[in-house]
Amino acid sequence: MTSRSTMQLARITTILILIFATLIFAPPAKAADISGSNKLKIAVIPERGDLDFWHLLKKGAVKAATNDGNVKIYWLTPAGLGDFREQKLEIDWCINNKMDAIVISPVHSLRMKDFIIKAMRRGIPVIQMVSKVFGNQKTGYVHSENFKGGKMAAKFLQDELKDSGTVVLGLFVRGNSPVNSRLEGFKAQLKETESKLKISKAIYVGEELKKGSSQIRLAMYGNDNPNKKKTINAVVGFNESSSEILLKTLRELNKLDGLSFVAFNPDPEMIQDIKEGRIAAGVAQDPYEIGRVAVTQAAMAVRDGKIPPETIIDVHLITKENIDDLKIQEVLGLKERTQ
């Protein structure tokens, strides 16, 4: 073989080796998308993505990442309206894509437990926020002072109704820990003060308007007859979803006037109703602060593992008299936060 032929063969061999090495060592497209940054990868999994509460919480989570400068947020909204099966899929995605930490609001206190433990066993720190699973899992937990919020609602109605009358409580779904804590606080306030305000009925409104509406009619009128004389003086919606269904049903029945209505986590429409006196009051969490603190603690957990087992964020009673206060405006998302 001539020296010229030998040189050409060497060049071809070198090119083939380079091509082969590129094909072997190039990362797959999705892996490149996930790991293209050296920042900490923190997944945030809300219960659902369609309510104002979660939109405000997301702003707080993004603010924490911005303040840190070395955190990338993956906002993983489950499909549907708070389906635990969707949250399980999101946790599996986090494990498969090697998230550095997970921040999650478990949609069910029992059914999500095993999957949260599964992520922790894979070495992924988990911060629970808003709600939590049963048991003393070694995670951080950032939540509102829900028991206090329940007491606030009861105390407001005691003052509003001069500590007499009857109230219907609209709950969410069974197994929702924040609603359970609010209910306990509401009952504790009545018991501690030996109140004459009586709970007529507590019903699980759920997320389905038709089913919830039927239960509301039955609780309000006893025989599902909206023409029956009203004996209920107040109604409390213990979260944003139940408040929406309660309000919609009572408006359709033209029975909202004359009722003292208290809404937990009031949305913009409910806030306007409070301002104009159609709703008596609201009890508001601070979702922005919950999101900010939860992501901050997730980053801490990855770096040195030292986080508080529980962080409690204050709640606020919203009335027509204080709705224009600066702090209340920030909590409700009516004014942009700078911190």
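The values are calculated or read from the model by the stated rules, or taken from the named source; none is laboratory data. Fair warning: this is a prediction, and the values are worked out from it, not measured in the lab. Using ideal geometry, Cβ is built from the backbone for each residue, glycine included, and neighbour counts are taken over all protein chains shown. The accessibility values were calculated without ligands, DNA or RNA, using every heavy atom of the protein model including side chains. Shrake-Rupley method; radii C 1.70, N 1.55, O 1.52, S 1.80 Å.
Can you go through Ile91, Ile95, Ile102, Ile124 and tell me which one is touching a Cys at 6+ places or on another chain (Cβ under 6 Å) and touching a residue at least 12 places away in the same chain (Cβ under 8 Å)?
Answer to the selection: Ile102.
Restricting attention to region 305-339, the residues that are open to solvent by less than 40 Å² (accessible area, probe 1.4 Å) and part of a loop (DSSP other than H, G, I, E, B) add up to 6. Within region 119-169, the residues that satisfy the criterion of being within 20 Å of Leu89 (Cβ to Cβ), among the aliphatic types (A, V, I, L, M) and not in a loop (DSSP other than H, G, I, E, B) are Ala119, Met120, Val126, Ile127, Met129.
Rundown of residues vs (1) free of Cβ contacts under 8 Å to residues at least 12 places away in the same chain; (2) in contact with a Pro (Cβ under 7 Å, 6 or more places away or on another chain); (3) among the small types (Gly, Ala, Ser), yes/no style:
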site: Arg292; (1), (2), (3): no, no, no
site: Thr296; (1), (2), (3): no, no, no
site: Val302; (1), (2), (3): no, yes, no
site: Ile307; (1), (2), (3): no, no, no
site: Thr311; (1), (2), (3): no, no, no
site: Leu317; (1), (2), (3): no, no, no
site: Lys320; (1), (2), (3): no, no, no
site: Asp324; (1), (2), (3): yes, no, no
site: Gln329; (1), (2), (3): yes, no, no
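Would you tally the residues in region 72-84 being open to solvent by 50 Å² or more (accessible area, probe 1.4 Å) and at negative phi?
Here the count works out to 5.
Considering each residue of region 283-304, count those that are part of a loop (DSSP other than H, G, I, E, B) and surrounded by fewer than 20 Cβ atoms within 10 Å (Cβ to Cβ), and give that number. The total comes to 1. Of the residues making up region 237-266, those that are crowded, with 19+ Cβ neighbours inside 10 Å and either under 23 Å from the mean Cα position of the chain (by Cα) or of a type in the set (Ser, Thr, Tyr) (or both) number 18.
Filtered by the rule that a residue be of a type outside the set (Phe, Trp, Tyr), out of contact with any strand residue (DSSP E or B) (no Cβ under 6 Å at 6 or more places or on another chain) and either modelled with pLDDT of 95 or more or within 15 Å of His143 (Cβ to Cβ) (or both), region 278-294 gives Pro287, Gly291, Arg292.
Restricting attention to region 114-156, and to residues there that are in contact with a Lys or Arg (Cβ under 8 Å, 6 or more places away or on another chain) and of a type in the set (Phe, Trp, Tyr), which single residue is nearest to Ile274 (Cα to Cα)? So the residue we want is Phe147. Of all residues in region 67-110, those being among the β-branched types (Val, Ile, Thr), outside any strand (DSSP E or B) and within 24 Å of Asp50 (Cβ to Cβ) number 3.
Against the conditions (1) in contact with a Pro (Cβ under 7 Å, 6 or more places away or on another chain); (2) modelled with pLDDT of 90 or more; (3) open to solvent by less than 20 Å² (accessible area, probe 1.4 Å); (4) farther than 20 Å from Tyr288 by Cβ, Met112 satisfies every one except (2).
Condition check ((1) open to solvent by less than 20 Å² (accessible area, probe 1.4 Å); (2) of a type outside the set (Phe, Trp, Tyr); (3) at pLDDT below 95) across all residues:
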{"residue": "Asn70", "(1), (2), (3)": "no, yes, no"}
{"residue": "Glu86", "(1), (2), (3)": "no, yes, yes"}
{"residue": "Cys94", "(1), (2), (3)": "yes, yes, no"}
{"residue": "Lys148", "(1), (2), (3)": "no, yes, no"}
